[in-house]
Amino acid sequence: LHSIGIKVFFDLMTEPDAKNPEIIVAHIDQGGVAVPELDVYAPHRNPDAKITLHKYRLHVARMLAYSEGSFDVKGIMATPWYKKAHEAIDIEAEIAAAQIDTDDLSPLEMYHRMDLNGLKDRAPG
C-alpha cells in the first residue's frame, strides 16, 4: 500500500538528515489514521469531536456502500457498512491514542536517529 501512496500504520520516506543534510536517511513516521487532528478520536477531550467522529463514520459508511455499487444510502446507520465503518474507526482511535501529538514539537525534539540494528531492537519482527 505504501507504494501507491497509502500510509498504513507508518510512513516511510527518504530525506536529508535533520542534523547533517549532506546525507540522506530513511525517515519513519507515525500513520494509520485518516484524520490528522488526533483529538477527533478522543471525544472525552474535545466536545466537538463527537459530532465530527459521527460525520466521519457516516462518510466512511457511504464510501463502503458506494464501493459495493450501492448508491441508496438512506438509513445508512442501520446497514452493515455503518457497522464496518464503526469497527474501522475504532481501530483508528486505538492507533491515535498511541500516537504522539507532534504539533508542539520542534524537528529536533522529534529527531531519533538510529541504525538498522537500533530499529530492529525497537520494532522486532
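Quick one: with all protein chains in place, what share of the accessible area of the stretch 6-125 is carbon or sulfur, to the nearest percent (1.4 Å probe)? Show your work: numbers first, answer last.
Values: 5100 of 8950 Å².
Solvent-exposed carbon and sulfur of the stretch 6-125 make up 57 percent of the total.
Please report Rg over Rh for the chain, where both radii come from the alpha carbon positions and Rh follows the Kirkwood definition.
Working: Rg = 18.4 Å, Rh = 17.1 Å.
Taking Rg over the Kirkwood Rh, I get 1.07.
Solvent-accessible surface of the stretch 1-98, averaged per residue with a 1.4 angstrom probe and all protein chains in place: 70 square angstrom. The amide H of residue 25, built 1.01 Å from its N in the peptide plane, has 15, 17 as neighbours under 5 Å, considering only residues 5 or more places off or on other chains. Computed from backbone phi, the HN-Hα couplings of the stretch 44-56 come to 5, 9, 9, x, 6, 5, 4, 5, 4, 5, 4, 4, 5 Hz, rounded to whole numbers (Karplus: 6.51 cos²θ - 1.76 cosθ + 1.60, θ = phi - 60°; Gly and Pro given as x). Note: relative contact order over the chain, using C-alpha pairs below 8 Å and six or more positions apart, is 20 percent. Partners of residue 120 within straight-line reach, counting lysines whose Cα lies under 26 Å from its Cα and excluding those fewer than 8 residues away in the same chain: 7, 19. Dividing the convex hull volume of the alpha carbon atoms of the stretch 41-91 by its residue count gives 67 Å³ per residue. Charging the Cβ of each Asp and Glu at -1 and of each Lys and Arg at +1, and nothing else, the dipole of the chain about its Cα centre rounds to 620 debye.
By the helix-only formula, in which each DSSP H run with n ≥ 4 contributes -39500 (n - 2.57) and the sum is divided by residues, the chain has a 222 nm mean residue ellipticity of -12000 deg cm²/dmol.
The values are calculated or read from the model by the stated rules, or taken from the named source; none is laboratory data. Predicted model only: the values in this text are computed from it and were never measured. Cβ: placed from backbone, ideal geometry, glycine included. Neighbour counts: every protein chain shown. To get the accessible areas, we keep the full protein, side chains included, count just its heavy atoms, and leave off ligands, DNA and RNA. Shrake-Rupley method; radii C 1.70, N 1.55, O 1.52, S 1.80 Å.
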